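Visitor: This is the structure I have questions about; it appears just below.
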Amino acid sequence: MKFQGFYFSISFISLVLADFTEPNHSDFPEWRLVHKFTPDHLVKMKNMSGAVVSPNKSKLVYSQCVFENTKASMGCNLRFIDLNQGYESAFDLTQFDVGKYDTFPIWINDNLVAFISSDKTSPNNISTVSIVDKSIKVIKEVDGISGIVYSSVAKKIAFTTPVFKGMSPEESSAESERISQSPYTGVVYDKLFVRNWDTWVTDKKTQLFTADVNIFDNSLRISGTLVNVVGKYVGEWGLEPTSYNFSPDGKNIIFDAKIQGRKESWETKVGIFTVPVDGSDSPTQLNIGFEGAASSPVYSPDGKHISWLQMFATGYESDKNVVVLYEIETKVQLFLTHAWEKSPDLIKFSDDSSKLYLRTPCETDTALFSLDLKNKNIKRITDAGSVNYFEELGSDSILVTMATFKHPETAFILNTAEEGTIKQVNYENLPTLNKVWLSHADTFWFTGALNQKVQGMVLYPYGFNPSKKYPIALLIHGGPHQSFMNDWEKEWNPNVFTNQGYLVLIINFHGSDSYNKGFTDSVVRNWGSYPYEDLMKGLDFFLESAEYADSENVVALGSSYGGYMVNWVNGHTDRFKALVTHAGVFSTNSIYYSTDELFLVEHELGIPWNEDERQDVKDFNPEQFVSKWKTPTLVIHGEFDYRVPIAQSISTFTALQRQNIESRFLYFPNDSHEISNMNSLLQWYSEILGWVGKHTDVDVWKLKV
């Protein structure tokens with residue numbers, strides 16, 4: 001196998017840096033004409049997902065999920081737009097109802113869409129809907145089905161579903177039922193993982209199945225038996241594909257999957273595999289010799305190349321992604337972005353196979369770039385905001401779905417020939433967005449740790465008047481490698497806080513993943529130093545520069561690593577009026593022995609029983625500074641959080657209570673590391689706003705019960 005590397009030139013669109021010291025008056029409305037944006041508005045937003053463009057590039061279908069708080073329940077249906085006619089052509093392709101979920105749409109042809117439908121009586125169905133007459137047909141029920149893809153050449157669909165070894169989905173469902181009826185409830189484990197994210201691990205593993213299909217009576221018909229195409233894998237049982245696609249000739253499928261085995265909880269090795277669509281042979285691994293994670297495998301439309309994203313370091317989930325281009329005929333692998341400082345997280349070929357599109361975290365945005373495969377030039381083609389889905393419509397036209405602090409995920413059409421030309425496609429949330437205050441973010445740079453430049457953002461409160469002073473909410477991101485992006489979030493939505501009267505301050509401290517590899521790697525075994533220094537220096541810089549900021553009225557809030565940092569802050573300064581720590585690490589020692597993914601803590605913190613690394617674990621342990629805690633703190637945690645187990649927050653609350661520090665513990669018995677239930681989210685915001693409002697003397701929104 002041959003390896004080659006490329007160097008290239010880079011071009012970017014121009015981005016304007018605003019001056020937060022003298023905010024532009026034109027950025028603010030007549031306040032009497034807009035309402036405050038509250039958590040009630042947030043949960044009522046219509047959230048699009050799973051957008052897909054038709055084969056002829058003229059139609060768009062997406063899933064739209066809505067929370068009906070009068071019924072305290074969610075529902076998702078499919079929406080349709082003719083891209084040539086615009087939003088006037090939009091209609092509900094499937095009917096909306098609470099408790100009914102239509103998701104993961106895919107195009108079978110230009111007039112037929114397949115999707116996964118689910119309701120209380122009939123979960124996990126493969127269904128189809130006709131664009132012509134909106135007729136819906138249920139094709140097959142498959143327990144736990146996810147992620148359908150289709151090949152018109154192979155006349156097959158592929159999907160994943162969890163099964164027991166050697167069993168079909170139907171046999172596995174029967175086996176699950178038998179186990180549930182057994183009087184013996186003990187479960188035996190011979191290796192890690194024991195649990196992962198929010199679920200206890202079982203012998204059922206997610207496998208990739210294909211099925212023959214034919215278009216019949218304006219719908220699909222599945223013929224023959226389902227084939228587990230990874231069933232012949234020669235490694236340890238349990239290879240679980242995540243991202244997968246058919247080859248252009250319909251003969252193979254490419255997929256990525258974490259390598260199973262005794263070391264899987266402390267290693268990040270992911271294989272890129274190809275396998276015949278009929279499962280006639282075992283999967284073939286393409287990225288042999290790489291010990292890091294890999295993702296986003298895709299075929300070029302001309303069938304000559306495969307590309308994927310490859311990390312090199314084992315055990316490091318935030319290592320830099322490098323784009324690999326694999327020539328199928330010669331098996332030569334080319335590293336296309338080894339010298340580029342950015343780390344893409346999703347890739348896709350252009351329709352003519354001449355370019356790769358790279359979705360890439362870039363400072364405060366998740367931007368879309370194009371990589372010309374001939375001259376190796378990289379060009380940024382989206383402006384501010386965070387791109388999710390993208391699809392080429394023509395040689396100079398791309399559909400993207402993207403979000404910002406000011407709007408949820410929305411579809412746009414970019415004209416790449418006319419730089420900066422963009423056209424919005426859907427407007428479901430416009431009636432609400434036009435009536436409420438949603439602040440933009442002004443960005444700034446300051447000198448932080450290591451005498452390096454660090455980026456911050458500020459968002460402005462409802463009713464902002466630069467001649468007045470406002471309290472500050474410092475939002476601390478997680479990870480620690482997860483940059484705070486110009487995006488729309490359910491949790492930690494900055495504009496929920498701006499509309500309570502707070503200036504929102506965000507610092508993308510050392511460790512953030514949207515700058516460069518050195519910046520990202522700098523906090524490994526170093527959690528409490530550079531990030532804390534950046535946060536304090538960034539806060540000081542902002543207070544010194546913004547006359548409208550109330551330096552005596554500052555609160556800090558964070559979750560996951562952000563929660564860890566809140567605990568660290570509590571032991572190192574008393575400058576904050578109040579703190580909020582959600583799912584935060586209390587002890588870097590005990591978290592090692594109870595978290596699910598050991599590779600994260602081993603790489604980031606060290607192994608506590610290893611004498612050479614034990615000091616690394618101890619140096620930045622918030623627990624050793626508990627005696628210095630003084631600040632009133634709200635502690636939050638969900639029962640099914642196995643990334644940061646709930647004992648971490650109980651320990652935090654115990655330390656606060658035992659030292660008679662004003663504190664409160666908010667416990668969610670049905671949530672995990674993140675708050676996914678909308679009713680829980682409303683209560684979450686109510687408790688957080690009530691806590692910081694109490695300690696900053698701000699009248700805040702409260703949940704009506």
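The values are calculated or read from the model by the stated rules, or taken from the named source; none is laboratory data. Predicted model, so just to flag it, every value in this text is computed and none were measured. Because the Cβ atoms are built from the backbone with ideal geometry, glycine has one as well, and the counts that use them run over all protein chains shown.
Visitor: Before we move on, is Leu358 in a strand (DSSP E or B), buried (at least 22 other Cβ atoms within 10 Å of the Cβ), at pLDDT 95 or above and not basic (Lys, Arg)? Before you say what the answer is, go through the steps one by one.
Guide: Values: in a strand (DSSP E or B): yes; buried (at least 22 other Cβ atoms within 10 Å of the Cβ): yes; at pLDDT 95 or above: yes; not basic (Lys, Arg): yes.
Taking the combined requirement at face value, the residue satisfies it.
Matching residues to (1) touching a helix residue (DSSP H, G or I) at 6+ places or on another chain (Cβ under 8 Å); (2) under 21 Å from Ser122 (Cβ atoms); (3) surrounded by fewer than 22 Cβ atoms within 10 Å (Cβ to Cβ):
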residue: Cys65; (1), (2), (3): no, yes, yes
residue: Thr70; (1), (2), (3): no, no, yes
residue: Ser73; (1), (2), (3): no, yes, yes
residue: Arg79; (1), (2), (3): no, no, no
residue: Gly86; (1), (2), (3): no, no, yes
residue: Ala90; (1), (2), (3): no, no, yes
residue: Leu93; (1), (2), (3): no, yes, no
residue: Tyr101; (1), (2), (3): no, yes, yes
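Visitor: Within the stretch 260-274, does at least one residue satisfy the condition of being of a type in the set (Asp, Glu), farther than 30 Å from Val194 by Cα and either in a loop (DSSP other than H, G, I, E, B) or in contact with a helix residue (DSSP H, G or I) (Cβ under 6 Å, 6 or more places away or on another chain) (or both)? Break it down into steps so the answer makes sense when it comes.
Guide: Taking the stretch 260-274 and keeping what is of a type in the set (Asp, Glu), we get 264, 267.
From what is left, the residues that are farther than 30 Å from Val194 by Cα are none.
Within the stretch 260-274, not a single residue is of a type in the set (Asp, Glu), farther than 30 Å from Val194 by Cα and either in a loop (DSSP other than H, G, I, E, B) or in contact with a helix residue (DSSP H, G or I) (Cβ under 6 Å, 6 or more places away or on another chain) (or both).
Visitor: Is the stretch 534-543 home to any residue that is outside any helix (DSSP H, G or I), in contact (Cβ under 8 Å) with a residue 40 or more places away in the chain and small (Gly, Ala, Ser)?
Guide: Filtering the stretch 534-543 for residues outside any helix (DSSP H, G or I) gives none.
Checked against the condition, which is being outside any helix (DSSP H, G or I), in contact (Cβ under 8 Å) with a residue 40 or more places away in the chain and small (Gly, Ala, Ser), the stretch 534-543 yields no hits at all.
Visitor: Another question about this same structure. Within the stretch 488-514, can you find the residues that are of a type in the set (Ser, Thr, Tyr) and either at pLDDT below 95 or within 21 Å of Asn429 (Cβ to Cβ) (or both)?
Guide: From the stretch 488-514, those of a type in the set (Ser, Thr, Tyr) are 498, 502, 512, 514; that's our starting set.
Across the stretch 488-514, the qualifying residue is only Thr498.
Visitor: Another question, if that's okay. Which one of these is outside any helix (DSSP H, G or I), within 22 Å of Trp701 (Cα to Cα) and in contact (Cβ under 8 Å) with a residue 40 or more places away in the chain: Pro23, Pro29? Break it down into steps so the answer makes sense when it comes.
Guide: Numbers: Pro23 fails: within 22 Å of Trp701 (Cα to Cα).
Every option except Pro29 fails the conditions.
Visitor: Hey, another quick one. Which residue pairs have Cβ atoms under 8 Å apart, sit 6 or more places apart or on different chains, and have a first residue in the stretch 207-232 that is touching a residue at least 40 places away in the same chain (Cβ under 8 Å) and of a type in the set (Val, Ile, Thr) and a second that is exposed (fewer than 13 other Cβ atoms within 10 Å of the Cβ) and assigned to a strand (DSSP E or B)?
Guide: So the pair list comes out as Val213/Ser223.
Visitor: I would also like to ask the following. Restricting attention to the stretch 40-69, which residues are polar (S, T, N, Q) and in a strand (DSSP E or B)?
Guide: Start the filter on the stretch 40-69 by keeping residues that are polar (S, T, N, Q), which leaves 47, 49, 54, 56, 58, 63-64, 69.
Within the stretch 40-69, Asn47, Ser49, Ser63, Gln64 qualify.
Visitor: Could you identify the single residue in Pro169, Pro123 that is at pLDDT below 95 and surrounded by 13 or more Cβ atoms within 10 Å (Cβ to Cβ)? Give the steps one after another, and end with the answer.
Guide: Values: Pro169 fails: at pLDDT below 95.
Only one candidate passes the filter, namely Pro123.
Visitor: Six or more apart or on different chains, Cβ under 9 Å: which pairs go from a residue in the stretch 147-169 that's within 18 Å of Ser219 (Cβ to Cβ) and assigned by TED's automatic domain parsing to the domain that holds Ala114 to one that's of a type outside the set (Phe, Trp, Tyr) and not in a loop (DSSP other than H, G, I, E, B)? Could you list them?
Guide: Nothing qualifies.
Visitor: Have a look at Lys269, Lys304 and point out the one that is buried (at least 17 other Cβ atoms within 10 Å of the Cβ), at negative phi and among the charged types (D, E, K, R).
Guide: On the way: Lys304 fails: buried (at least 17 other Cβ atoms within 10 Å of the Cβ).
When all the criteria are applied, what remains is Lys269.
Visitor: Do the conditions hold for Leu682, that is, is it at pLDDT 95 or above and either closer than 26 Å to Val98 by Cβ or in contact with a Cys (Cβ under 7 Å, 6 or more places away or on another chain) (or both)?
Guide: Values: at pLDDT 95 or above: yes; either closer than 26 Å to Val98 by Cβ or in contact with a Cys (Cβ under 7 Å, 6 or more places away or on another chain) (or both): yes.
Taking the combined requirement at face value, the residue satisfies it.
Visitor: Continuing with this model, one more query. Based on what the data block shows, is Asp345 surrounded by fewer than 23 Cβ atoms within 10 Å (Cβ to Cβ), at pLDDT 95 or above, of a type outside the set (S, T, N, Q) and in contact with a strand residue (DSSP E or B) (Cβ under 8 Å, 6 or more places away or on another chain)?
Guide: Working: surrounded by fewer than 23 Cβ atoms within 10 Å (Cβ to Cβ): yes; at pLDDT 95 or above: yes; of a type outside the set (S, T, N, Q): yes; in contact with a strand residue (DSSP E or B) (Cβ under 8 Å, 6 or more places away or on another chain): yes.
Criteria met by Asp345.
Visitor: Within the stretch 245-266, how many residues are of a type in the set (Gly, Ala, Ser) and buried (at least 16 other Cβ atoms within 10 Å of the Cβ)?
Guide: Narrowing the stretch 245-266 to residues of a type in the set (Gly, Ala, Ser): 247, 250, 257, 261, 265.
Then keep just the ones that are buried (at least 16 other Cβ atoms within 10 Å of the Cβ); that gives 247, 257, 265.
Going through the stretch 245-266 one residue at a time, the tally reaches 3.
Visitor: Related question: If you take the residues in the stretch 361-380 that are of a type outside the set (Ser, Thr, Tyr) and outside any strand (DSSP E or B), which one is nearest to Phe444 (Cα to Cα)?
Guide: At the first step, the residues of the stretch 361-380 found to be of a type outside the set (Ser, Thr, Tyr) are 361-363, 365, 367-369, 371-380.
Of the ones still in play, those that are also outside any strand (DSSP E or B) are 363, 373-377.
Details: Glu363: 11, Leu373: 34, Lys374: 36, Asn375: 34, Lys376: 31, Asn377: 28 Å.
Among those that are of a type outside the set (Ser, Thr, Tyr) and outside any strand (DSSP E or B), it is Glu363.
Visitor: Restricting to the stretch 501-511, name every residue that is surrounded by 24 or more Cβ atoms within 10 Å (Cβ to Cβ) and either assigned to a loop (DSSP other than H, G, I, E, B) or not assigned by TED's automatic domain parsing to the domain that holds Arg525 (or both).
Guide: If the condition is that a residue be surrounded by 24 or more Cβ atoms within 10 Å (Cβ to Cβ) and either assigned to a loop (DSSP other than H, G, I, E, B) or not assigned by TED's automatic domain parsing to the domain that holds Arg525 (or both), then Tyr502, Phe509, His510, Gly511 are the ones that fit.
Visitor: May I pose another question? Check Leu78, Leu33, Leu60 and return the single one that is of a type outside the set (Gly, Ala, Ser) and within 23 Å of Asn495 (Cα to Cα).
Guide: Values: Leu78 fails: within 23 Å of Asn495 (Cα to Cα); Leu60 fails: within 23 Å of Asn495 (Cα to Cα).
Only one candidate passes the filter, namely Leu33.
Visitor: I've got another one for you. Which residue pairs have Cβ atoms closer than 6 Å, lie 6 or more positions apart in sequence or on different chains, and pair a first residue in the stretch 301-326 that is more than 17 Å from Lys342 (Cα to Cα) with a second residue that is among the charged types (D, E, K, R) and in a strand (DSSP E or B)?
Guide: Going by the 6 Å Cβ cut-off, the qualifying pairs are His305/Glu327.
Residues are listed down the side, and each one gets a yes or a no for (1) farther than 17 Å from Phe104 by Cα; (2) in contact with a helix residue (DSSP H, G or I) (Cβ under 8 Å, 6 or more places away or on another chain):
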position	(1), (2)
Asp133	yes, no
Val138	no, no
Gly144	no, yes
Gly147	no, no
Thr161	no, yes
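Visitor: Within the stretch 131-144, can one find any residue that is small (Gly, Ala, Ser) and outside any loop (DSSP other than H, G, I, E, B)?
Guide: Initially, the stretch 131-144 is screened for residues small (Gly, Ala, Ser), giving 135, 144.
Restricting the remaining residues to those that are outside any loop (DSSP other than H, G, I, E, B) gives none.
Checking the stretch 131-144: not a single residue is small (Gly, Ala, Ser) and outside any loop (DSSP other than H, G, I, E, B).
Visitor: Pick from Ile646, Ile661, Ile688, Ile650: which is crowded, with 21+ Cβ neighbours inside 10 Å and at pLDDT 95 or above? Reasoning before the result, please.
Guide: Working: Ile646 fails: crowded, with 21+ Cβ neighbours inside 10 Å; Ile661 fails: crowded, with 21+ Cβ neighbours inside 10 Å; Ile650 fails: crowded, with 21+ Cβ neighbours inside 10 Å.
From the options Ile646, Ile661, Ile688, Ile650, the qualifying one is Ile688.
Visitor: Now a separate question. I'd like the full set of residues that are modelled with pLDDT under 95 and either assigned to a loop (DSSP other than H, G, I, E, B) or surrounded by fewer than 14 Cβ atoms within 10 Å (Cβ to Cβ) (or both), limited to the stretch 391-421.
Guide: Correct list: Gly394, Ser395, Asp396, Thr416, Ala417, Glu418, Glu419, Gly420, Thr421.
Visitor: Additional query: Based on this model, can you work out whether Leu634 counts as under 30 Å from Glu602 (Cα atoms) and among the aliphatic types (A, V, I, L, M)?
Guide: yes
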